[in-house]
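Contents: one structure, followed by commentary.
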Amino acid sequence: MLGPVILAASRSDRMRRLISAAPVTKQVVDRFIPGETVADIVPIIKDLTAKGLQLTMDVVGEDITTPEQAAAARDAYLALIDHLRELELGERVEMSVKLSMFGQALPGGHELALANVRPVVAAAAAIGTTVTLDAEDHTTLDSMFAIHEELRKDFPQTGCVIQAYLFRTEADARRLAAAGSRVRLVKGAYKEPAEVAYQQKHEIDKAYVRVLRILMEGEGYPMIGSHDPRLIAIAQELAHKAGRKLDEYEFQMLYGIRSEEHLRLAAEGHRMRVYTAYGTDWYGYFMRRLAEKPANLRFFLRSMVSKG
């Protein structure tokens, strides 16, 4: 019931002003979205990589309504890549993109998104890194997978995301678990109907393990997107049973969440990649994350209370 309310707040200029003006808001947002510009984020990249962590960078912004905005999103990623080139970190810092940001939902959106994302993927490859296509709601996935397949013809290291709570995902995982593939598995945060997705946490957790087993037993490179200690332990067990070395899979977690666990896994020799979002449109990004999974609201409210 909270989801529609939070989404309405994300579109309200009045709520934006009220929330943005509250001193405690910036303290909380900074914990999860550590900057608005590339200049802000470069020290974060240097700090995390110096600690043995890897990153995937997300330039926030999803409310794309014109081709010009989609082109601006493309250019924002190209500017990020220019800065990464100077850091010479290679695959230690990759990028995550949402195709909606590249115009996927506009008229002719499939072709537009492909045209906008291709130069980003090419530029990433030129500096020795890659791009992962984030999954959005289920209506966008056929287009995302088709673009992923097309990009991999020239840039086979291009990754994609699958969501455990969708009924289709086990079949997608079997298709994607091939040599050379890079697949991030997440539980899924969008509100999906019961016709296409599991609704109960225990069902989603079981589906996550089933899909993870498919990826671990396959020939691709699994990326475990979870903060759940139990699922992390199961992933380690499945990797061991599949005979995988520590550099044949990786863990991924969000910036600002379970940061000590990031360091623990890295210290054990695991590849640990931190999903780090930045940009000026932090308000919309922040509110949509709450709306996608209102349970997150309790987490952020507790953070606000502790920060206050």
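The values are calculated or read from the model by the stated rules, or taken from the named source; none is laboratory data. None of the values given here were measured: they were computed from a predicted structure. Note that each Cβ is placed from the backbone with ideal geometry, even for glycine, and that neighbours are counted across all protein chains shown. Surface accessibility is based on the protein's heavy atoms, side chains included, excluding ligands, DNA and RNA. Shrake-Rupley method; radii C 1.70, N 1.55, O 1.52, S 1.80 Å.
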(message) Pull out all pairs, ordered by first then second residue, where Cβ-Cβ is under 6 Å, the residues are six or more apart or on different chains, the first lies in the stretch 95-123 and is at pLDDT 95 or above and among the polar types (S, T, N, Q), and the second is in a helix (DSSP H, G or I) and open to solvent by 10 Å² or more (accessible area, probe 1.4 Å).
(response) Asn116/Arg74
(request) Answer yes or no as to whether Tyr255 is modelled with pLDDT under 95 and open to solvent by 30 Å² or more (accessible area, probe 1.4 Å). (result) yes
(message) Taking the conditions exactly as written (in contact (Cβ under 8 Å) with a residue 12 or more places away in the chain, open to solvent by 10 Å² or more (accessible area, probe 1.4 Å) and among the aliphatic types (A, V, I, L, M)), does Ala164 satisfy them or not?
(response) no
(request) Search the stretch 57-82 for residues that are open to solvent by less than 30 Å² (accessible area, probe 1.4 Å) and pair each with any residue that is of a type in the set (Phe, Trp, Tyr) and not in a helix (DSSP H, G or I) when their beta-carbon atoms are under 8 Å apart and the residues are at least 6 apart or on different chains. (result) Met57/Tyr278; Asp58/Tyr275; Asp58/Tyr278; Val59/Tyr278; Val60/Tyr278
(request) Look at Arg213 and say whether it is more than 27 Å from Asp58 (Cα to Cα), free of Cβ contacts under 8 Å to residues at least 40 places away in the same chain and outside any helix (DSSP H, G or I). (result) no
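Which residues, taken from the stretch 261-280, are out of contact with any strand residue (DSSP E or B) (no Cβ under 9 Å at 6 or more places or on another chain) and modelled with pLDDT under 95?
As a first pass, look at the stretch 261-280 and keep what is out of contact with any strand residue (DSSP E or B) (no Cβ under 9 Å at 6 or more places or on another chain): 267-269, 280.
Correct list: Thr280 only.
Step by step: first the residues of the stretch 99-120, then only those that are assigned to a helix (DSSP H, G or I) and of a type in the set (A, V, I, L, M), then the one that is surrounded by the fewest Cβ atoms within 10 Å (Cβ to Cβ). Which residue is that?
Residues of the stretch 99-120 assigned to a helix (DSSP H, G or I): 99-102, 109-120.
Among the residues that remain, those that are also of a type in the set (A, V, I, L, M) are: 99, 101, 112-115, 117, 120.
Working: Leu99: 26, Met101: 28, Leu112: 20, Ala113: 28, Leu114: 18, Ala115: 16, Val117: 28, Val120: 22.
The selected residue is Ala115.
Could we say that Lys46 is open to solvent by 70 Å² or more (accessible area, probe 1.4 Å) and either within 18 Å of the chain's Cα centre (by Cα) or at pLDDT 95 or above (or both) here?
So Lys46 fits the description; yes.
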